[in-house]
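Heads up: the structure comes next, in C-alpha cells.
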Amino acid sequence: YMGEFSIGHAGFMAVGAYVSALLTVRVFPQGDFAAMYFFLATILGALAAALAGFFVGVVSFKTRGDYLAIVTLAFTMIVKSIIENIDAIGGPRGFLGMQPLTNLGTVFAWTVLCVWLIRNLVYSKYGRGILSIREDETAASLCGVDTRRTKLIAFVISAAFAGVAGALFAHLLLVITPKTFDII
C-alpha cells in the first residue's frame, strides 16, 4: 500500500514461527487449553516479528528504492543463518514437537482480524499519510506528514502480520527448518 518493496517478510515469518513454536512446546503447557495458549503464542510471535521489523526499519529507511529490498533480503539471510546456528532450537535439523493447532477456523479468525486491522489502518490518519507517501514522499513531507515515522509504523505492522503468518504456518506443518524460510 505504501509502495515500498520489501523481500524480508520471510525473515519476519521465521521469527514469528520460531517464537510461537518455542512458546507452545517449551513454555506453555500442552493439553486442554492449548488453543488459548496458541492465541497468546501467536500474539507474542507477532510482537517479536514487529520488534525485529522495528530494528530493520530504523536502519533501512535511510535508504530508498531498491536498496530497501536489498537490506530486507540481507535481514532474511541473517535470520536464517542465526536459526541454523542455534542448537537449542534444532539448528539446521529444524524444530518439531508442535501440536496441530492451526485449522481452518483459526486461519479464518486471524484473516478476519488482520483484514479488519488493515482496513482501520488504511482509513486512519496514518493510512492517509501512507497513501500520500506512496504518491509523493517529498510532497507528503512538505504537507506535514512525518514520513519516517509513518513508514516505520507501516513496516512494523506488516512485520507483525508476517509473524502471525509464521505462527500459523509453523503449527500447520508441525516441523519448521531454516530452509523453510529461504528465499532462494
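The values are calculated or read from the model by the stated rules, or taken from the named source; none is laboratory data. From a predicted model like this one, the values you see are computed outputs, not experimental measurements. Don't worry about glycine lacking a Cβ; one is built from the backbone with ideal geometry, like all the others, and counts go over all protein chains shown. Areas reflect the complete protein model, heavy atoms only, side chains present, ligands, DNA and RNA absent. Shrake-Rupley method; radii C 1.70, N 1.55, O 1.52, S 1.80 Å.
Given (1) open to solvent by 50 Å² or more (accessible area, probe 1.4 Å); (2) part of a helix (DSSP H, G or I); (3) touching a residue at least 40 places away in the same chain (Cβ under 8 Å), identify the lone condition not met by PRO100. So the condition that PRO100 fails would be (2).
Annotation for the range 20-43: no member residue is within 15 Å of PHE155 (Cβ to Cβ) and either of a type in the set (A, V, I, L, M) or open to solvent by 70 Å² or more (accessible area, probe 1.4 Å) (or both). Of all the residues in the range 103-161, those that are farther than 25 Å from THR72 by Cβ and in a loop (DSSP other than H, G, I, E, B) number 4. Number of residues in the range 122-147 that are closer than 23 Å to ALA162 by Cβ and either open to solvent by 40 Å² or more (accessible area, probe 1.4 Å) or in contact with a Cys (Cβ under 8 Å, 6 or more places away or on another chain) (or both): the value is 4. Cβ separations smaller than 6 Å between residues 6+ apart or across chains give the following pairs from the range 13-26 residues that are in contact (Cβ under 8 Å) with a residue 24 or more places away in the chain and under 14 Å from ILE82 (Cβ atoms) to residues that are open to solvent by less than 10 Å² (accessible area, probe 1.4 Å) and not in a helix (DSSP H, G or I): ALA17/ILE176.
Only one of the numbered conditions (1) open to solvent by less than 60 Å² (accessible area, probe 1.4 Å); (2) out of contact with any Lys or Arg (no Cβ under 8 Å at 6 or more places or on another chain); (3) modelled with pLDDT of 90 or more is violated by PHE54, and that is (1).
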